[in-house]
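Okay, handing you the structure first.
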Amino acid sequence: MNWPKSLIKLSPLSIFRIFFPIRKFVVREDSMLPTLRAGDMVLTNKWAPVSMGNLVVAKLGHRLLLKRVSRVRPGEVFLLGDNPEHSQDSRQLGWIPRRDVLGTVFFVRRVSEGD
């Protein structure tokens, strides 16, 4: 079998991420309070549609943003945190390219109050 050289150079983890749409992320800050808090875990689906009101994870350089879609225009989204006083979002960063959205949140596991 003659595999393309670019596919052979990918790590198993990279291949898994390309073909498996579900990813897990842990909330690291309180910019989404009261909806999410630090320690909560979310699952995203990279193939799910991105619509206004959805929670999404987006990559901005080496940072990951977990925010709510406020506005959508062709090829871009405007993301806002639910806790505006403690959120760096599209108000400071501008519109985020749609290709940088890693997935739409479809499941949340909250940490218990005692954790």
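Taking VAL105, is it more than 13 Å from the chain's Cα centre (by Cα) and not in a loop (DSSP other than H, G, I, E, B)?
no
Say whether the condition of being open to solvent by 40 Å² or more (accessible area, probe 1.4 Å), over 20 Å from ARG23 (Cβ atoms) and either aromatic (Phe, Trp, Tyr) or in a strand (DSSP E or B) (or both) is met by at least one residue in segment 79-96.
Scanning segment 79-96, I find at least one residue that is open to solvent by 40 Å² or more (accessible area, probe 1.4 Å), over 20 Å from ARG23 (Cβ atoms) and either aromatic (Phe, Trp, Tyr) or in a strand (DSSP E or B) (or both), so the answer is yes.
Then there is this: At pLDDT below 95, of a type in the set (D, E, K, R) and open to solvent by 30 Å² or more (accessible area, probe 1.4 Å), is that true of ASP115?
Here the answer is yes, as ASP115 does meet what is asked.
I need every pair where a residue in segment 75-87 that is touching a residue at least 24 places away in the same chain (Cβ under 8 Å) and among the β-branched types (Val, Ile, Thr) has its Cβ under 9 Å from the Cβ of a residue that is open to solvent by 50 Å² or more (accessible area, probe 1.4 Å) and outside any loop (DSSP other than H, G, I, E, B), sequence separation at least 6 or different chains.
VAL77/ARG71; VAL77/ARG98
The values are calculated or read from the model by the stated rules, or taken from the named source; none is laboratory data. This one's a predicted model, so the numbers in the text were calculated from it and none came from an experiment. Please note: Cβ atoms are built from the backbone with ideal geometry, for glycine as well, and neighbour counts cover all protein chains shown. In case anyone asks, the SASA skips ligands and DNA or RNA and just uses the protein heavy atoms, side chains included. Shrake-Rupley method; radii C 1.70, N 1.55, O 1.52, S 1.80 Å.
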